[in-house]
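Read the structure below first, then the notes.
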Ligand SMILES: C[S@@+](CC[C@H](N)C(=O)[O-])C[C@H]1O[C@@H](n2cnc3c(N)ncnc32)[C@H](O)[C@@H]1O
């Protein structure tokens, strides 16, 4: 989610009431990110700055396709969306299904054997508990050469020991894009 102070009150209350998993279980089918224009601008800047490889892309925790739609417009080849809670919203906006896997399943190896040129994870990786982040990051490093994280927070910061080396960071409208390559 965006910074708490930026959230509409009703969303913030529901988030506090149900917690992150409960919130997305209840409202995932109608999820929309109010910061979508910033995501679009920042993704465009990131693709241009780092010449990101857009052949085979994984949109991890894809929501209703906020990143997918931008990447498609930027000329991406194949984009796979994965999200445990928002598949209805994703297919409604992108016309393609999202695979319903969560971070825990991916950390346990659910995507082993696949390869993507780029993984994009927008406004979602901060939801992973710090204790689970190294395991997930290592699994992601087995799947892709490059990783782009968009976050309205300072976290997460991945470590080289977890398989990823930070190559650059952009800050746009208080949202960060962090670009990593496999360490
Ligand atoms: C703030 S939304 C971001 C969605 C979209 N990427 C965007 O930029 O708007 C967080 C996303 O994380 C997903 N999510 C929540 N818990 C998750 C989990 N345990 N594993 C994977 N995805 C999860 C939600 O379904 C939701 O789509």
The rounded separation in angstrom of the Cα centers of segment 135-155 and segment 15-42 is 19
Output row, site residue 172, 7 Å Cα→C-beta label point, backbone N cut-off 17 Å, window segment 25-55, residues 33-54
So, with points 7 Å from each Cα along the Cβ direction, the residue 145-residue 112 label distance in nm works out to 2.4
Rounded to the nearest 500, the 222 nm mean residue ellipticity computed for the chain from DSSP H runs (n ≥ 4, each -39500 (n - 2.57)) alone is -10500 deg cm²/dmol
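What is the antiparallel percent of DSSP beta bridges lying wholly in the chain, to the nearest 5?
Percent antiparallel among DSSP bridges in the chain is about 45.
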Between the modelled labels at residue 182 and residue 30 (7 Å from Cα along Cα→Cβ) the distance in nm is 4.2
Residue span residue 74 to residue 13: 0.36 nm per residue of separation minus Cα-Cα distance leaves a gain in nm of 18.4 nm
Simple SL model, points at 7 angstrom along Cα→Cβ for residue 131 and residue 100; separation in nm is 2.8
Taking 0.36 nm per residue of separation between residue 41 and residue 153 and subtracting their Cα-Cα distance, the length gained on full extension comes to 38.6 nm
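Every read-out reported here was derived from the displayed coordinates using simple, explicitly stated rules and does not represent laboratory data. All of these numbers come straight from a predicted model, not from anything done at the bench. Reconstructed Cβ throughout: ideal geometry from the backbone, glycine too, with neighbour counts over all protein chains shown.
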